2 protein chains.
Amino acid sequence: MASKIITISRQYGSGGREVGEKLAEKLNYAYYDKEVIRRAVEESDISEEFFENSGESAGKMFSYFLTFANGGGGTAGEDTLPLPDRIFLIQSKVIKKLASEGPCVIIGRSADYVLRDYPDVLKVLIYADNDSRVHRVMKRNNLTEKGALARIKKIDKGRALYYEQFTGNKWCDALSHDIAISTSKFSINETVDILAEIAKTHS
Amino acid sequence: MASKIITISRQYGSGGREVGEKLAEKLNYAYYDKEVIRRAVEESDISEEFFENSGESAGKMFSYFLTFANGGGGTAGEDTLPLPDRIFLIQSKVIKKLASEGPCVIIGRSADYVLRDYPDVLKVLIYADNDSRVHRVMKRNNLTEKGALARIKKIDKGRALYYEQFTGNKWCDALSHDIAISTSKFSINETVDILAEIAKTHS
């Protein structure tokens, strides 16, 4: 039985997003990343700005955490949940809806946690050693080594805060995934080939 | 290029040893586990009892740590290193020698760390969720659930102490391996198939 849903958690700078895109293309699966956000926005009354920042940067999102952590309702109107919780719940709902629509690859957004009890989900973690990540971020974002390091540290911290806050699990821990692959050892294309073979052959 | 050396780190009760045995058989590679110990013993003057306990149980080995941790030479004769350090060094030497002799699968013994700079090594981590591990240990060791849990906890603790003491890395962390696979998601045979395919196809 093929894996119908593939979630990809990834360290920043590991090439996990590229793995996901190519894997979806190879398997002819739908690919969801910002699309998840767009749908979540369509189904809620929370402005797009909030979603754009959730789970992707430590800065703005964390300031929302601080503002709303004690249960402040913020601009949420009649909903009494803190805003970050509302965002997480709406995103979770959207992820479950997308997963029900057909085979797909979902990047980030704690989808591995949201779909943890779904039987035909392959939960993948993509990581890399620090040198590879710095090299990739320097090239992709046209940064110095120092700049790339700072960016990696900042984005990792933001993702970890978001993930751990809502899932209670440690971020980037293989033990909460089905398979974890290093793109320092394998190229992006090799990683895609390995995962496509697994998704096609094994449940 | 095929991976010539495959190291397998594993959580106790994950079936990692069985994966290693079957993988070696499938690839026609040598398989090393207690063999590593035997050779180490042959090349040293330290009694087999010490080796049998290193890296495999928290109890005896840890008492040696406590006894020798401050540099006590113990029965080591002219060698002034603490005994656990000597054991680790001799085992490391043996692992490197085995790796130089031809394609092989090496289970445990921090081989992933010892061979970390070798280019054609595939560093594998095998893990499983707690339910799978308890179930496997209950069946294999004829234990109650409580007994299996206690055994898992004790052996994991011993392995972690040993690994972290000598490598400085966190034990069972995917990030110090090339690939990590859950035997809760994949059967032992599926895991062997996945790894054999990777070892044959990718460097």
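Along segment A:149-156, what does the Karplus equation 6.51 cos²θ - 1.76 cosθ + 1.60 (θ = phi - 60°) give for ³J(HN,Hα), rounded to whole Hz, x for Gly and Pro?
Listing the rounded values in order: 4, 5, 5, 4, 4, 5, 6, 4 Hz.
When each copy gets a label point 7 Å from Cα toward the beta-carbon at B:H135, what are the spacings between them in nm, shortest first?
4.1
Take every residue in peptide B:171-183, count the Cβ atoms of other chains within 10 Å of its Cβ, and give the average of those counts. Display every interim value, and only then the final one.
Values: counts 0, 3, 5, 11, 12, 2, 6, 7, 9, 11, 7, 8, 1.
Mean number of neighbouring Cβ atoms from other chains: 6.
Report the accessible surface area buried between chains B and A, summing both sides, using a 1.4 Å probe on protein heavy atoms only, in Å² rounded to the nearest 100.
Values: alone 10300 and 10320 Å², together 18650 Å².
Chains B and A together bury roughly 2000 Å² of accessible area.
I'd like the Karplus ³J(HN,Hα) series for segment A:98-113: coefficients 6.51, -1.76, 1.60, θ = phi - 60°, whole numbers in Hz, and an x wherever there's a Gly or Pro.
Result, rounded to whole Hz: 4, 5, 7, 7, x, x, 7, 10, 10, 8, x, 6, 6, 4, 4, 6.
At A:K93, with labels set 7 Å past Cα in the Cβ direction, how many nm apart are the copies from this one, shortest first?
When each copy's label point is compared with this one, the spacings are 6.7 nm.
Taking amide H positions as placed in the peptide plane 1.01 Å from N, state which residues far from B:I6 in sequence (5 or more) or on other chains have amide H under 5 Å from it.
For B:I6, the qualifying residues are B:C104, B:V105, B:I106, B:L122.
Taking A:E42 in one copy and the same position in all the others, each labelled 7 Å out along Cα→Cβ, what are the pairwise distances from the first, in nm, shortest first?
Label-point distances to the other copies, shortest first: 6.8 nm.
Mind checking A:81-89 for the average number of partner chain beta-carbons within 10 Å of each residue's beta-carbon? The partial results should precede the final answer.
Working: counts 0, 0, 0, 0, 0, 0, 0, 0, 0.
What the average comes to for A:81-89 is 0.
Suppose R0 equals 45 Å. What FRET efficiency, 1/(1 + (r/R0)^6) with r the Cβ-Cβ distance, do A:L81 and B:K200 give to the nearest 0.05?
On the way: r = 51 Å, r/R0 = 1.14.
Step by step, r from the Cβ atoms, then E = 0.30.
Take the Cβ-Cβ distance between B:A160 and A:T167 as r, set R0 to 30 Å, and report the resulting FRET efficiency rounded to the nearest 0.05.
Efficiency, rounded to the nearest 0.05: 0.80.
Pop a pseudo-label 7 angstrom from the Cα along the beta-carbon direction at both A:N28 and A:K93 and give the gap in nm to one decimal.
3.4 nm
Can you give the relative contact order of segment B:124-191 as a percent, counting alpha carbon pairs under 8 Å and 6+ residues apart?
Working: 53 pairs, mean separation 32.5, N = 68.
Reported as a whole number, the value is 48 percent.
If I stretch the segment between B:R116 and B:L143 completely, what's the gain in nm (0.36 nm per residue apart, minus their alpha carbon distance), one decimal?
Numbers: separation 27, 0.36 × 27 = 9.72 nm, distance 3.65 nm.
Going from the current span to full extension adds 6.1 nm.
The values are calculated or read from the model by the stated rules, or taken from the named source; none is laboratory data. Computed from a predicted structure; not experimentally measured. Using ideal geometry, Cβ is built from the backbone for each residue, glycine included, and neighbour counts are taken over all protein chains shown. Side chains included, ligands, DNA and RNA excluded: accessible areas come from the protein's heavy atoms. Shrake-Rupley method; radii C 1.70, N 1.55, O 1.52, S 1.80 Å.
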